[in-house]
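Asks: Dropping a structure here in structure tokens format, bear with me for questions.
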């Protein structure tokens, strides 16, 4: 099997969709010798912050001279980045080799009358096999969705479980309340294995504490309230940590201090990594696609905020960094996400909005998204401007606009909303619309950020 054949097989398997539950992945790993039980795994779940927290852990452990495997999805810029060892993505040759081994195991399952595993189960099995064969010292294993019934949750004895910020997402699968979603995430907690989390919202915290107590798992909570932020810019956050002293991170956004402190707790309390190594590793951590600057004049930022909590975190960053500056948005979302709540969180800061259709079968059409955005912008403008009459439409500047609201975004006139036929058109229009001292922010589904970056690099 070569790389092209392996990718074709993956595409074919992906057509079967996804099924929550552990039976199939357990059968598949049994065919592969249950090698996952021989790996030292740090298991990471949560709604937002998994990628950033994993990036901190990855870099620090590499600084400590460990061989570190990392499994995280979805890929943002390269399909092979789902599987990494010491920051290097799996090669095409390695992908073909590992896929062939897993395919043979899947074929044996089918011959025995079992269902063929789903694509996520196949890719998870590939991660275990790859990291085992490459003799990784530690494996950072990121949950795909939820926790309790996620394919990654077949592991029985992780080094520790890590739960990042928990909020509403994937409700059609995980539950309609924060308690239910937190219970699903807390399903990764294992008997007598430590668990590390942040101070969550009350309902989520109660659910995590209850599961930890049930499993006799020692619970560590990273308390961000004891941290003092010294400086915060678009290039660096510097803060004083009670256990480490001054810490610097290049990952920016108001939420990054929380992710960083979570990682520090794992590294200090569970793994016993030396303070200097932790400080150096955090300073050298990068994680593309999270409040990442990809252009200047105008400032061009991309961020994978795709649910309500992530949008609220992003809006806090916008308000902090860009007070009284109208932001030009490029937005693409998946139809099964809370796109209305994302828009409600972000559009108060919009100077103009260009919508796109991500290259994803679950994508919401740009025209539909623009229609939703126009309704919200219209409502926000009328409410904040104090104008009872109906606004005339996108791009109008009604008389009396001087009474329009001020905030991180400046609504001097009714912000423009336009659906674009392509990513290239959206980028071109955003650049034409935005002054050199302005800001463009592309956010929403991770599935289109790669194309945005490629367009900017080609220009």
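Asks: Taking segment 247-272 as the search range and keeping residues that are part of a loop (DSSP other than H, G, I, E, B) and at pLDDT below 95, which one is farthest from residue 166 (Cα to Cα)?
Replies: Among those that are part of a loop (DSSP other than H, G, I, E, B) and at pLDDT below 95, it is 250.
Asks: When you go through 220, 130 one by one, which is the residue that is modelled with pLDDT of 95 or more, on the phi < 0 side of the Ramachandran plot and part of a strand (DSSP E or B)?
Replies: After applying the criteria, what remains is 220.
Asks: Further question: Here are some residues: 294, 282, 278, 301. Which one is touching a strand residue (DSSP E or B) at 6+ places or on another chain (Cβ under 7 Å), part of a helix (DSSP H, G or I) and buried (at least 16 other Cβ atoms within 10 Å of the Cβ)?
Replies: Every option except 282 fails the conditions.
Asks: Might you check whether a residue that is within 22 Å of residue 73 (Cβ to Cβ) and over 14 Å from the mean Cα position of the chain (by Cα) occurs anywhere in segment 304-319?
Replies: Within segment 304-319, not a single residue is within 22 Å of residue 73 (Cβ to Cβ) and over 14 Å from the mean Cα position of the chain (by Cα).
Asks: Output yes when any residue across segment 148-163 is within 17 Å of the chain's Cα centre (by Cα), farther than 26 Å from residue 30 by Cβ and assigned to a strand (DSSP E or B), and no when none is.
Replies: yes
Asks: Further question: Need a quick list: helices (runs of 4 or more DSSP H) entirely within segment 1-78 having at least 1 residues that are touching a strand residue (DSSP E or B) at 6+ places or on another chain (Cβ under 6 Å) and either over 12 Å from residue 142 (Cα atoms) or assigned by TED's automatic domain parsing to the domain that holds residue 126 (or both).
Replies: Those helices (runs of 4 or more DSSP H) span 50-63.
Asks: Let me ask something additional. Taking the stated definitions as given, is residue 373 closer than 27 Å to residue 321 by Cα and either modelled with pLDDT of 90 or more or in a helix (DSSP H, G or I) (or both)?
Replies: Answer is yes for this residue.
Asks: Do we have residue 349 as under 19 Å from residue 423 (Cβ atoms), in contact (Cβ under 8 Å) with a residue 24 or more places away in the chain and buried (at least 23 other Cβ atoms within 10 Å of the Cβ) here?
Replies: The answer is no for residue 349.
The values are calculated or read from the model by the stated rules, or taken from the named source; none is laboratory data. Keep in mind that what you see is a predicted model, and the values were worked out from it rather than measured. Cβ coordinates were reconstructed from backbone atoms using ideal geometry, including for glycine residues, and neighbour counts include every protein chain displayed.
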